[in-house]
Amino acid sequence: MIIRSRAPLRLGLAGGGTDILAYHEIYGGYVLNGTIDRYAYTTITMSTDSDTHFNALDLQKQKQINLGKDIVRDGVLDLHTELYKVVMKEHNNGEYLPINVSTFCEAEAGSGLGSSSTLVVCMIQAYVELLNLPLDCYAIAHLAYTVERINCGFLGGKQDQYSATFGGFNFMEFYGEGKTIINSLRIHRNIIAELEASLILCYTGISRDSSKIIIDQSNNLKNKTTSSLEAMHHMKKQALLMKKFLLTGDMGGFVNTMKAGWENKKRSSNSVTNEFINDIYETVLNAGAESG
């Protein structure tokens with residue numbers, strides 16, 4: 001038996017940052033994003049021995065789990081380990097099946113495309129097929145968020161898990177006490193074609209540590225830093241505007257909202273950008289791009 005799954009990576013278009021706990025628990029967050037044709041993949045087969053084996057092909061890392069011993073995170077493929085432990089404990093009556101789990105992601109960690117969260121969602125979808133679990137999209141995304149953000153303690157927002165699970169264009173609402181509403185947008189194919197013709201995804205060659213940005217933004221909110229808080233409020237409003245412009249095909253509005261979103265994103269944390277990123281941004285604007 002072979003189980004295969006894949007989940008899409010995403011582009012954050014507006015509101016990214018308002019999905020972090022420090023903001024949406026108090027003010028409510030809005031995010032608009034869309035998935036792209038780049039993916040994370042998972043393959044599960046039954047093990048030929050009594051152990052479970054993880055193989056992250058893109059990272060060239062492997063890990064073997066002796067099911068006769070306690071399963072612990074040791075810094076090697078912790079997301080694989082913790083997810084396996086949670087799924088088997090909570091969704092397979094505590095029976096730890098000996099399996100082989102192979103994964104691959106088409107974007108590097110730190111690329112800004114939600115790669116780690118997408119990988120977790122992809123693995124969950126494979127487990128759903130393996131164990132015939134009655135988990136809907138909300139349950140899958142919530143489980144991915146719990147494993148990554150709470151159990152493993154990796155800092156970040158909530159949009160990545162939901163975008164990878166639902167796919168397509170989504171307007172997301174995040175509120176206190178874990179309430180989440182996903183509004184899947186029916187964008188006309190002509191508008192999508194225009195976006196595909198107009199957008200360029202630039203590989204910078206560097207990886208950014210999102211946890212530094214999250215910590216900085218959270219501290220600014222905790223300290224009620226006026227400029228940062230106002231920037232977050234503007235980012236939330238821009239997600240609403242972006243939704244309207246996408247649905248109506250107003251590309252001028254789309255461009256202006258993206259431009260304003262970047263300016264507010266930079267105000268939310270000093271860690272958002274650096275001289276290298278700024279130079280790339282100015283270069284593409286000088287070359288004819290309208291925003292980014």
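Quick one: with all protein chains in place, what share of the accessible area of region 72-121 is carbon or sulfur, to the nearest percent (1.4 Å probe)? Mind dumping the intermediate values first?
Values: 940 of 2050 Å².
Exposed carbon and sulfur together represent 46 percent of the surface.
What net charge do the residues around residue 6 carry, taking every other residue with its C-beta under 14 Å from that of residue 6, with Lys and Arg at +1 and Asp and Glu at -1?
Spelling it out: positives minus negatives among the neighbours equals -1.
Which value, in Å², gives the accessible area per residue of region 131-285 when a 1.4 Å probe is used on the protein heavy atoms?
In whole numbers, region 131-285 has 55 Å² accessible per residue.
What does the accessible area per residue of region 31-106 come to in Å², with a 1.4 Å probe and no ligands, DNA or RNA counted?
51 Å²
What number, rounded to the nearest 500 deg cm²/dmol, is the helix-based mean residue ellipticity at 222 nm of the chain, given -39500 (n - 2.57) per DSSP H run of at least four residues and division by all its residues? Could the numbers behind the result be given before it?
On the way: 10 runs with 128 residues, N = 292.
Estimated from H runs of four or more residues: -14000 deg cm²/dmol.
Give the long-range amide H neighbours of residue 73: residues separated by 5 or more places, or on another chain, with amide H under 5 Å away, using H modelled in the peptide plane at 1.01 Å from N.
Those qualifying (amide H under 5 Å, at least 5 residues apart or on another chain) number zero.
Give or take rounding to whole Å, what are the principal axis extents of the alpha carbon atoms in region 250-292, in descending order?
Answer, in whole Å and largest first: 31, 23, 7 Å.
Among the DSSP beta bridges whose two residues both lie in the chain, what percent are antiparallel, rounded to the nearest 5?
Rounded to the nearest five, the antiparallel share is 90 percent.
How large is the Rg to Rh ratio of region 123-163 when both quantities use alpha carbon positions and Rh follows Kirkwood?
Details: Rg = 10.5 Å, Rh = 10.6 Å.
Result: Rg/Rh = 0.99.
When 1/r is averaged over all different Cα pairs and the result inverted, which Kirkwood radius in Å belongs to region 10-147?
On the way: mean 1/r = 0.0617 Å⁻¹.
Here the Kirkwood hydrodynamic radius works out to 16.2 Å.
In Å and on Cα atoms, what radius of gyration and Dmax does the chain show?
So, for the chain, Rg and Dmax equal 19.7, 61 Å respectively.
Would you kindly derive the ³J(HN,Hα) couplings of region 145-158 from the backbone phi angles with the Karplus curve 6.51 cos²θ - 1.76 cosθ + 1.60 (θ = phi - 60°), listing them in order in whole Hz, with x for Gly and Pro?
Each residue of region 145-158 in turn: 4, 4, 5, 6, 7, 8, 5, 8, x, 7, 6, x, x, 10 Hz.
How much of the accessible area of region 127-266, probe 1.4 Å, is carbon plus sulfur, in whole percent?
For region 127-266, the apolar C and S fraction of the accessible surface comes to 54 percent.
Please give the direction-averaged projected area of the C-alpha convex hull for region 25-86, in square nanometres with one decimal.
7.4 nm²
Grab the eigenvalues of the alpha-carbon gyration tensor for region 195-292, scale each by 5, take roots, and send me the semi-axes largest first in whole angstrom.
24, 19, 11
Would you kindly state the longest site-free stretch of the chain, with sites defined as chymotrypsin sites (Phe, Trp or Tyr not before Pro) in a DSSP loop (not H, G, I, E, B) surrounded by at most 15 other Cβ atoms within 10 Å?
That gives 1-174 as the longest site-free run.
The values are calculated or read from the model by the stated rules, or taken from the named source; none is laboratory data. Being a predicted model, the structure only gives us computed values, none of them experimental. A quick note on method: Cβ atoms are made from the backbone with ideal geometry, for glycine too, and the neighbour counts reach across all protein chains shown. With ligands, DNA and RNA removed, areas are computed over all heavy atoms of the protein, side chains included. Shrake-Rupley method; radii C 1.70, N 1.55, O 1.52, S 1.80 Å.
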